[in-house]
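So that we are looking at the same thing, I have put the structure below in structure tokens.
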């Protein structure tokens, strides 16, 4: 049966705001401090946009020569925020809010009554709601069959390039034998010490090598070999997976518990076979509505 639950019942509050004239470093620090993924941008007490972790990542990981990239403190929020201020009324149903987010490819919308911003409803809030339901839908029925992957030894610049060319926000990191060992998301990169990370990427990491001049000699020659940072240097190693025959509601509980937005999916042979995202989980509410 289609639910009549309204966004006011599941939204997150309070809403954290920032001025469009403040630097991205300030936005990043607010997100870290309050453990949120987006901020409403307000100028002169009027909401003018939204900035998310992904917006920060796009601004910082711009496809330009390394020497032209500006430090995070010199990029203003207004240069990275989304000006598409899509909002919902507190009496909007969660199905209607889900459709709005999916159709506009966004992960959250402010809940507004008149000029008052009451809260924000996100895909994470919807996933949390789904985790309370007993929906007879399995992970394999809604997961993404395509899993973007990188080898653990690939450079960070190649990972960023993959984000941009394939329009994705996460990649699973594989060992040489194809076994998944970690995951990297745009959010991970954006909220890291990116100004330092970008400097490290341009300079490379130093690997010290020692070599003797002869098998029996005492003298040693030491030299430095420059190497690029690789996926394994910043990946999240505690890879959490879900089985393809698990219920979506159980997968939703796991996401909320671990505070993650995507789960690599494995089959009965422990082989990587898919990727489950918040969008996939939220879509189960729409499936229920269609079947009612």
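Mean separation of Cα pairs under 8 Å and 6+ residues apart, divided by the residue count of the range 7-128: what relative contact order is that in percent?
That works out to 33 percent.
Working out 0.36 nm times the residue gap between residue 181 and residue 21, then minus their Cα-Cα distance, what length gain in nm do you get to one decimal?
Stretched out fully, the residue 181 to residue 21 stretch lengthens by 53.6 nm.
Also, quick follow-up: Work out how much length residue 29 to residue 103 would gain on full extension: take 0.36 nm times their residue separation and subtract the Cα-Cα distance, in nm to one decimal.
My answer for the length gained is 23.7 nm.
On to the next question. Once a ≥ b ≥ c are taken as the square roots of the eigenvalues of the Cα gyration tensor of the range 247-291, is the result rounded (a/c under 1.5), prolate (a/b larger than b/c) or oblate (a/b not larger than b/c)?
oblate
Under a crude label model (7 Å from the Cα following the beta-carbon direction), how far is residue 151 from residue 238 in nanometres?
Each label point lies 7 Å from its Cα, and together they span 2.9 nm.
How do 85, 163, 146 rank when sorted from fewest to most other Cβ atoms within 10 Å of their own Cβ?
146, 85, 163
Set the Förster radius R0 to 41 Å, insert the Cβ-Cβ distance between residue 48 and residue 4 as r into 1/(1 + (r/R0)^6), and round the FRET efficiency to 0.05.
E(calc), rounded to 0.05, equals 0.80.
By the gyration tensor of its Cα atoms, with a ≥ b ≥ c the square roots of the eigenvalues, what is the shape of the range 7-128: rounded for a/c under 1.5, prolate for a/b over b/c, or oblate? Could the numbers behind the result be given before it?
Details: a/c = 2.18, a/b = 1.76, b/c = 1.24.
It is prolate, given that a/c is not under 1.5 and a/b is the larger ratio.
Can you compute the modelled spin-label distance between residue 79 and residue 286, with each label point 7 Å from Cα toward Cβ, in nm?
3.5
Let me ask you something else. Work out the FRET efficiency for residue 269 and residue 113 from their Cβ-Cβ distance, taking R0 = 45 Å, and round it to the nearest 0.05.
0.30
No lab work stands behind these numbers, since they all come straight from the coordinates. In this text the structure is predicted, and so the values were computed from the model without any measurement. Cβ atoms come from the backbone with ideal geometry, glycine included; neighbour counts cover every protein chain shown.
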